[in-house]
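See structure below.
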Amino acid sequence: MKKNWLSFVFILLTGFALAQDTASPKTKFGDVAIANLKTLDGKTISSLEFRNDGKPMIIDFWATWCKPCINELNTIQDRYADWQEETGVKIIAISIDDSRTSSSVAPFVSGKGWEYEVYLDINGDFKRAMNVNNVPHVFLLDGNGKIVLQHNSYTPGDEDELYEKIKLLTEKK
Amino acid sequence: MKKSQLRLIKLVFILLLFTFIFNQKVTAQVVNGSNISGNLEVSAQYYTPDSAIGAPDVPESVLSNGFMNVNFNYQNFTAGIRYESYLNPILGFDKQYTGSGIPFRFASFTNENLKVTAGNFYEQFGNGLIFRSYEERSLGIDNAMDGIYASYKVTNGANFKGFVGRQRSYFEIGPGLVRGIDGDFQLNDMIKAWEAHKLRIGLGGSFVSKYQVDDSQSRILPENVGAGAGRFNLNYGNFAFDGEYAFKANDPNIVNEFIYKNGQTLLLNLAYTKKGLGARVNAKRVDNMAFHSDRNATGNNLNVNYIPAITRQYTYRLATLYPYATQPNGEMGIAGEFFYSFKPNTKLGGEYGTFINVNGSAINDIERVPIANDTLGYTSNFFAIGDTKFYQDFNFEVSKKLNKKNKLILTYLYQLYNKNQIEGKIDDKMVTSHIAVAELIHKINTKKSLRIEAQHLLTEQDHGNWMMGLVEYSISPRWLFTVFDEWNYGNKKAAQRFNYYTFSSTYVKGGSRITLAYARQRAGLLCVGGVCRFVPASNGVTLTITSRF
């Protein structure tokens, strides 16, 4: 009895939510799954906010304990200014550090001098929603949020393949 | 009868959802944002006997683990299913996983303000001190909830979450019922006048309770056990200060040996950030916080909460010989870390800049004053630290790009490890170790690169000194070849000075990766992101395929 009542409430809430949906300003952007993340200063933000004005966007899953992830983001940091100038690409770095290491993320990013937008995915909600198995996992999205390239692992030189694809996207226009 | 009826209702709901969506497609409406996605991982290991290193006998010869997630997304709806198979589970994985089935299935609706899930879900309140449901597939950790979940953003900065459910235990559901609510309030986002204030304040609170029938003949056990937590976070300019306190009512269980004492834990974090510099200090106290939804469950099975360790998780092979894990019955300690980048073209920075990382920690037991003949167990002064050392470490790391083709990382690590306490063995001594690591990344050309590691561990206890060497050759973006060897040359028993070697090759394309490795592997702890599982010694070939589609 109790369980049937709960299911009913769930269906009611869904109906209510559906009614809300038409008024909600943000719709799902291409292949970007919907999940809540935290900014480095404690705010909750939805992945629905991830946009780049129709320009390419990179979603990069990493962790402070993942060395190849750090190597990749370090290498790209050296070129980020050039990449942005030539293509307008934006990199969103999602840290999957859980509550054991999440307090290290802000000091680490700051110590490295990285200029990416960094968000915390402390319980892996966004990672799971994007079907990521392990890090590093990088997605390159076109102006409509569709995944055009992804790679899982990093070896020096991978950033060149990534950049070729970003340029292709901006040239298509 | 009732359980299967409920399962049928859920299945029908999911099928209706699929039908609704597929019908939409057929009527040729513009369907934006609908797709099927998922991932899979299969790992099969072929074992050869190797009694010299203590490898257990594997009568099946081949053991394999596998899982596949398939999710259907349409706009704000997602429905998904996961199939898992352990035939039989690879060594080091809990044998209770043996078999196959669908332990995870759900239907969910998410938009900017609301998320509702029926079926299985994961969630965490605050730092996880009283509730964390999560998965770490490579370690065999999965305490997924099975029930109903809802989260709602009332207004900017104010979020509520609530759930009712039972927990996954291998391919079954645990006996305990778990329910919880959580509220998170970022005041500067809620109060218009505070939006531009330099000081940001956030508050949060949660309450979780579990219910399990008392089936004991000898004791009167509490059937409802409640736990509450309160947290805050403050940001002011370059400083960030946050903390959480949790309290658990009396919860006699197998881990605390059925005492009626309540449990408490406090976690405090302070951080300073400025471009090129970062620092953090953490303090923690844990007192009787093992919280399972079955009072007879141990280890990674049926945990309701998660108490994070504050010590650093190392990745270098020899640095993981003695890893620390939180002691839920009690511990108290501090940890700190400092990051700094010396700018390029400065004296210490050199041409390309230099990065340094220093960290350290010290964890002891809490002070315990036993109460004779009393089910409360012991008392413990909140502000007093115990005398027994659990773990200490000090780590110094320098990372420097020498020239266009070479990058060097040098590390020194000191560890003091209470093997007795952390591994639960009786006669082991405190292990003191000093580890030195040198890592060189050499770029041969734009596509080819070589990585070399040399490690040395010095200790007078346990198995003595170790040496480790690694060479990794990569051809971007597809291939990775690795060879490494760990040699226990300092073992007091000459016959046990083994070489543990691994040869591995990996092929990567897009979201897929295939690895084939041959290894003579030492017994030890495999750690991923802070949680470890014990892996026994083995000798054999492993094939792993992982893919995201």
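Read the figures in this text as sums done on the coordinates, not as results from a lab. Because the structure is a prediction, the values reported are computed rather than measured. Glycine gets a Cβ as well: all are built from the backbone with ideal geometry, and neighbour counts include every protein chain shown.
The per residue volume of the convex hull around the alpha-carbon atoms of chain B is 205 Å³.
What you get for chain B, charging only the Cβ of Lys and Arg (+1) and of Asp and Glu (-1), is a dipole of about 1960 debye around the Cα centre.
The residue B:57 and residue B:376 beta-carbon pair, evaluated with R₀ = 60 Å, returns a calculated FRET efficiency of approximately 0.85.
The GluC sites (Glu not before Pro) of the stretch B:305-386 that meet both conditions, a loop assignment by DSSP and at most 15 other Cβ atoms within 10 Å of the site Cβ, are B:351.
With the cut-off at 1.5 for a/c, could you classify the stretch B:49-110 from its C-alpha gyration tensor as rounded, prolate or oblate? Because a/c hits 1.5 or more and a/b exceeds b/c, the stretch B:49-110 counts as prolate.
Loop-located chymotrypsin sites (Phe, Trp or Tyr not before Pro) across the stretch A:74-173 with a Cβ neighbour count of 11 or fewer within 10 Å are lacking, with loop assigned by DSSP. Relative intensity of the stretch B:312-497 on a log10 scale, I(q)/I(0) at q = 0.09, 0.16 Å⁻¹, equals -0.47, -1.08, per a Debye sum over C-alpha point scatterers of equal strength in the absence of solvent. By the helix-only formula, in which each DSSP H run with n ≥ 4 contributes -39500 (n - 2.57) and the sum is divided by residues, chain B has a 222 nm mean residue ellipticity of -2000 deg cm²/dmol. Taking 0.36 nm per residue of separation and subtracting the Cα-Cα distance, full extension of the segment from residue A:81 to residue A:41 would add 12.0 nm. When the C-alpha to C-alpha distance is required to be over 25 Å, the pairs from B:95/B:248; B:274/B:443; A:90/B:347; A:127/B:161 that qualify are B:95/B:248; B:274/B:443; A:90/B:347.
When only alpha carbons of the stretch A:31-172 are considered, Rg and Dmax amount to 14.0, 44 Å.
For the stretch B:390-495, chymotrypsin sites (Phe, Trp or Tyr not before Pro) are listed when DSSP marks them as loop and at most 14 other Cβ atoms sit within 10 Å of their Cβ; the list is B:489. When both the stretch B:60-80 and the stretch B:137-172 are represented by their alpha-carbon centers, they are found 18 Å apart. The stretch B:190-212 to the stretch B:83-108: how many Å between their Cα centroids? Each part's Cα centre sits 37 Å from the other's. P(r) for the protein assembly as shown: what percent of alpha-carbon pairs falls in each 20 Å bin, starting at zero? The calculated distribution, bin by bin, is 16, 52, 30, 2.
Across the stretch A:31-172, the relative contact order, built from alpha-carbon pairs under 8 Å that are at least six residues apart, equals 33 percent. The three principal axes of the C-alpha atoms in the stretch B:106-188 carry coordinate ranges of 42, 26, 25 Å, sorted with the longest axis first.
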